[in-house]
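The values are calculated or read from the model by the stated rules, or taken from the named source; none is laboratory data. These figures come from a predicted structure and were not determined experimentally. For neighbour counting, all protein chains shown are included, and Cβ atoms are generated from backbone atoms with ideal geometry for every residue, glycine included.
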Amino acid sequence: AKDDLVRVMAQLEAHWVVLEAELVEINKDIQATQDCQAKYGDIYARPLEYMRQLKEQKKGQMRQIIESMEAFQNNLISSQRLVKRLELTHPPVSAPSVSTISVPMPNRQTSPILAHTPQKDKVHM
């Protein structure tokens, strides 16, 4: 389970980096196409609209990544609170068949995704 969690987190961060780079390129292309549209006319309107839709699609995917990362973090916090409440009424489990794992969860200080995103699901690109 720990390996799966770490793998998923790494994949989400890798996708974030790719999406971020794609947005930079799309923004450059939108600017260049707007310049061409101003110079040559409405023949560039359809490509411009396509790029704007593509930009919104990429931003939507980034919002989904943020939501997923925040859900991971919230679930960890909730689980930690549950463990503390259970430990108040029951002794900690130390049976040989139960192992304790420490999973490094992202937070705003350690995750490149969460560090540069708004608190809520608002992404401004």
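When Gln61, Gln31, Gln37 are checked against the criterion of being closer than 30 Å to Val8 by Cβ and out of contact with any strand residue (DSSP E or B) (no Cβ under 7 Å at 6 or more places or on another chain), a single residue qualifies: Gln61.
Of note, Lys84 satisfies the criterion of being modelled with pLDDT under 95, part of a helix (DSSP H, G or I) and either over 25 Å from the mean Cα position of the chain (by Cα) or surrounded by 11 or more Cβ atoms within 10 Å (Cβ to Cβ) (or both). For Asp3, the conditions (1) at pLDDT 95 or above; (2) closer than 26 Å to Leu76 by Cα are fulfilled apart from (1). Among the residues of the range 7-35, those that are of a type in the set (Val, Ile, Thr) and within 14 Å of the chain's Cα centre (by Cα) comprise Val8, Val17, Val18.
Is it true that Gln61 is within 21 Å of the chain's Cα centre (by Cα), in a helix (DSSP H, G or I), modelled with pLDDT of 70 or more and farther than 25 Å from Asp4 by Cα? Considered against the rule, which asks whether it is within 21 Å of the chain's Cα centre (by Cα), in a helix (DSSP H, G or I), modelled with pLDDT of 70 or more and farther than 25 Å from Asp4 by Cα, Gln61 comes out as no. When the range 4-46 is filtered for residues that are under 19 Å from Ile65 (Cα atoms) and free of Cβ contacts under 8 Å to residues at least 12 places away in the same chain, the ones remaining, listed by number, are Asp4, Arg7, Val8, Ala10, Gln11, Ala14, Val18, Ala21, Val24.
Residues that are polar (S, T, N, Q) and within 21 Å of Arg63 (Cβ to Cβ) within the range 1-51 comprise Gln11, Asn27, listed in sequence order.
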